[in-house]
Amino acid sequence: MYQLSGVTKRYRRGKATVQALDGVDLAIEDGGRLVIQGPTGGGKSTLLQMLGGLDRPDSGSVLLDGVDLATLPESRLTRVRAEKIGFVFQGFNLVPTLTAQENVETALVPLGLRPRERRERAGEVLASVGLGERRGHLPGELSGGQQQRVAIARALVKSPAVLLADEPTGNLDESTRDEIMDLLETLWEDNGLTFVMVTHDTALARRAPRLATIRKGRVTIREQVAGRG
Amino acid sequence: MFFTYLRRELRRRRKAALVVASGLALGIALVIVVGAVSEGMSQAQARVLQSLYGLGTDMTVTKAAEPPGEGQAQGRPRFEFDAKESGDDSDQSSDMVIVQGQSLADSTVAKVADQDGVADTVGGLSARVMKVNGQFTRGEIEPGQTPPGGGRGGDGGEGGSGGDRVRGGGAAFDVNSYTLFGTDVAQQDLGPLTSSSITSGRTFKAAETDAEVAVVDSAYAKEQKLKVGGKLTVSGTAYAVIGIATADSGDAAANVYVPLKQAQTLADAKGKVTTVYVRATDSQRIDAVKAAVQKNVPDTTVTTSADLADTVSGSLSTAADLASGVGRWLSVIVLAAAFVVAGLLTSSAVSRRVREFGTLKALGWRSGRVTRQVVGEALVNGLIGGALGIALGLAGAWAVTAFGPTLTAELGRGTGGFGGGGFGGGGPARQTAGRAVDIALTAPVSLGAIGLAVGLAVAGGLVAGAFGGWRASRLRPADALRRIA
């Protein structure tokens, strides 16, 4: 699925230059599951953004199904994001003025579906994450766990090939965290997704079959025996 | 999704939306009111000018002013009466018709008509009738004694020489002065009479080129108690009053209208006119026609409506200057400020929505779609501002019309070309020089003004949207998400 070669990324923070990624080589197989861990500022989110086509490396290549996201024109990159990649963010990032249903529909807008089809698909996915009854609620009327479920539904409604999650349980309490992780793992298994997640949480990291640790822009991969809970 | 999203965002940010819309509304309302007042001023000026010129006249041709000493053969009017015997208290009366200003040969009318760009011409003779009516009695000589040292001079009705004394005698008379205009009855669609409507009786017939008939201005008719069917005697000729004319606005161009030939006879000005009224074929060519007439018809002065408008002074002129100067600039400044504030507020709103727009871009929304959303919201704000502005502007224009002051237009005062009313003038445009006309200030709002307001509202929305849209389009999803991480 993914093949990263010699990916380097620097950016300026004030007067200093931060080496976020330093020659990263990484392969993620189709349907695989990878957890990225590392200290704050180590380059975890930058790596996730490279995988999601949200940012481009200074050098190196990021191949997704053989297409180099590093050199793809902006319009095609936008199309790749719209069709193939689902994002889940730590802060949920829901549009506060739109209902749960409408938030899920925003992911289908770039695909040019008819409003009726959008509504039906969004309704089905919301039901699958247990929020069928809350589809008309605004994000402000939902709990943190429910908001993250809406965000997961939004990521999955377009049936992406890849699900990228950046600290998806970072804002949740322990019981809700486990609930969300169970949901994500179920969806991964059921949908045959390639699932990459950034987390600080060691307990969650242990649940993945592959762990990528990133320090000072360099990645180390460790295969591990995964287990839930 | 576009409209749902737009509606929800406007509802959520209704305070900010109201601020943006109110700013635009203020600017737009000001533009409407200033525009309406300016239009009212223009209409008032046009009404004033129409009262001088008549409808459809683009310019007048008069004889060029001559150097002092020339062309003043008429001098002051002189009336001669024989004194009546003592005890005879019957009235004596005399009137005199004096051409106002300098006259042109009536062949000038045809010469002017031959010029390029001239559609129609008509000649007219403007005159003033001075009528003196009263008693003139002779003094009586009373024989008396011669005082020591000779006779005693006196003034008034008393005087004497030798031993006789003169007692009594003197004069008591009224002077009535009014304006008379000789109009070409064969061509009545041009000239001063077109600015009046016949409110009683009828106007001249084309065949009445030398008939002893008169149309009298309603104000003068009321003053002199003249009615249709009555008689008006001028220099011994009794004119049948066939119609009463009421000026459409302001004062009438003349008190009495008679056929041109009659006026020429009365004023002893056969074959003369004082003014040629000209209608151009194209209102855009007036300056060219003016130049052609001045070049090809010597010793004439050509006065266009624009020239005459320059001579309008008084509070109407001051208000018009204020409306076109201060008012217009104030509108532009307020509007520009409203546009900039709307733009900055929209831009600031985009800054507060970085995460939202970054997320949408991460979901695959193109920059154009995000920009459209921002511009759409700004445009609706602009339209709300436009609607408020139109309502406010209409209310303002209504208030100006309802409670606005009456303005005074002073015509021709202080300008060489039109100065010297009364005997120094030359045609209605000149004879009325120096007179004041009261005009009620109105503020008509045209459909064009409403269209302009809508255009400004859209422009305001687009300007604000451009500020915000530009920011939104430059937003990179990675930067947006990094900034809030």
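Of note:
- No other residue among B:Ala323, B:Ala269, B:Ala319 is under 29 Å from B:Asp58 (Cα atoms), assigned to a loop (DSSP other than H, G, I, E, B) and modelled with pLDDT under 90 apart from B:Ala269.
- Per-region count, the range A:164-205, residues part of a strand (DSSP E or B), in contact with a Ser or Thr (Cβ under 7 Å, 6 or more places away or on another chain) and open to solvent by less than 20 Å² (accessible area, probe 1.4 Å): 1
- Number of positions in the range A:22-41 that are surrounded by 19 or more Cβ atoms within 10 Å (Cβ to Cβ) and within 12 Å of another protein chain (Cβ to nearest Cβ): 0
- Just one residue in the set B:Asp82, B:Asp89, B:Asp120, B:Asp116 is open to solvent by 60 Å² or more (accessible area, probe 1.4 Å) and either at pLDDT 85 or above or among the basic types (Lys, Arg) (or both); that residue is B:Asp116.
Conditions (1) more than 14 Å from chain B (Cβ to nearest Cβ); (2) open to solvent by less than 20 Å² (accessible area, probe 1.4 Å); (3) under 21 Å from B:Arg474 (Cα atoms); (4) out of contact with any Leu (no Cβ under 7 Å at 6 or more places or on another chain), marked per residue:
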| residue | (1), (2), (3), (4) |
| --- | --- |
| A:Gly43 | no, yes, no, no |
| A:Leu48 | no, yes, no, no |
| A:Arg56 | no, no, yes, yes |
| A:Glu74 | no, no, yes, yes |
| A:Glu120 | yes, no, no, yes |
| A:Val150 | no, yes, no, no |
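- The condition of being at the interface with chain B (Cβ under 8 Å from one of its Cβ atoms), touching a residue at least 12 places away in the same chain (Cβ under 8 Å) and in a helix (DSSP H, G or I) holds for only one of A:Pro110, A:Pro96, that being A:Pro110.
- Selection count, the range A:76-118, where residues are under 16 Å from B:Tyr5 (Cβ atoms), open to solvent by 60 Å² or more (accessible area, probe 1.4 Å) and within 19 Å of the chain's Cα centre (by Cα): 0
- In summary, B:Arg372 fulfils each of the numbered conditions (1) of a type outside the set (A, V, I, L, M); (2) open to solvent by less than 50 Å² (accessible area, probe 1.4 Å); (3) under 15 Å from A:Val109 (Cα atoms) with the single exception of condition (2).
- Against the numbered list (1) open to solvent by 50 Å² or more (accessible area, probe 1.4 Å); (2) part of a strand (DSSP E or B), B:Leu232 comes up short only at (1).
- The residues in the range A:206-220 that are out of contact with any Ser or Thr (no Cβ under 9 Å at 6 or more places or on another chain) and without any contact (Cβ under 8 Å) to a residue 60 or more places away in the chain can be counted, and the count is 1.
- The range A:122-148, residues that are open to solvent by 40 Å² or more (accessible area, probe 1.4 Å), in a loop (DSSP other than H, G, I, E, B) and aliphatic (A, V, I, L, M): A:Leu138
- Matching helices (runs of 4 or more DSSP H) fully within the range B:391-485 where at least 3 residues are at pLDDT below 80: B:428-431, B:477-484
- If you go through the range B:443-460 and keep only what is among the small types (Gly, Ala, Ser) and touching a residue at least 40 places away in the same chain (Cβ under 8 Å), you end up with B:Ala443, B:Ser446, B:Ala449, B:Ala453, B:Ala457, B:Ala459, B:Gly460.
The values are calculated or read from the model by the stated rules, or taken from the named source; none is laboratory data. Small disclaimer: the values here were computed from a predicted structure and weren't measured. Positions of Cβ are backbone-derived with ideal geometry, glycine not excepted, and every protein chain shown enters the neighbour counts. Accessible surface areas use protein heavy atoms only, side chains included; no ligands, DNA or RNA. Shrake-Rupley method; radii C 1.70, N 1.55, O 1.52, S 1.80 Å.
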